[in-house]
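K.L.:
Sharing a structure with you now.
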């Protein structure tokens, strides 16, 4: 019976250790996701500011680009084959 109790305690200790490692890894993954999310949000805001500034500084070029992209997309999506 002593051997069975020892085996049960060993298995329980190993299971607890596995749970602890899993919990730590999960928390690290969550922290990394939050950090990357913050980085993406910052990049999005920076790109939006840069794009807005470009459009204000170059309104005619911006309209020309928009018209050109719209024309290409309309040809692409309305392809009569």
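Only the coordinates and a few stated rules stand behind these numbers; no lab work does. Note that the coordinates shown come from a computational prediction; the quantities given were computed from them, not determined experimentally. Please note: Cβ atoms are built from the backbone with ideal geometry, for glycine as well, and neighbour counts cover all protein chains shown.
K.L.:
Quickly estimate the mean residue ellipticity at 222 nm for the chain, helices only: each DSSP H run with n ≥ 4 gives -39500 (n - 2.57), and the total goes over all residues, rounded to 500.
P.N.:
-34000 deg cm²/dmol
K.L.:
Would you mind checking the radius of gyration and Dmax of the chain based on alpha-carbon positions, in Å?
P.N.:
28.8, 87
K.L.:
Further question: Using R₀ = 30 Å, calculate the FRET efficiency as 1/(1 + (r/R₀)^6) where r is the Cβ-Cβ separation of residue 13 and residue 34; round to 0.05.
P.N.:
0.40
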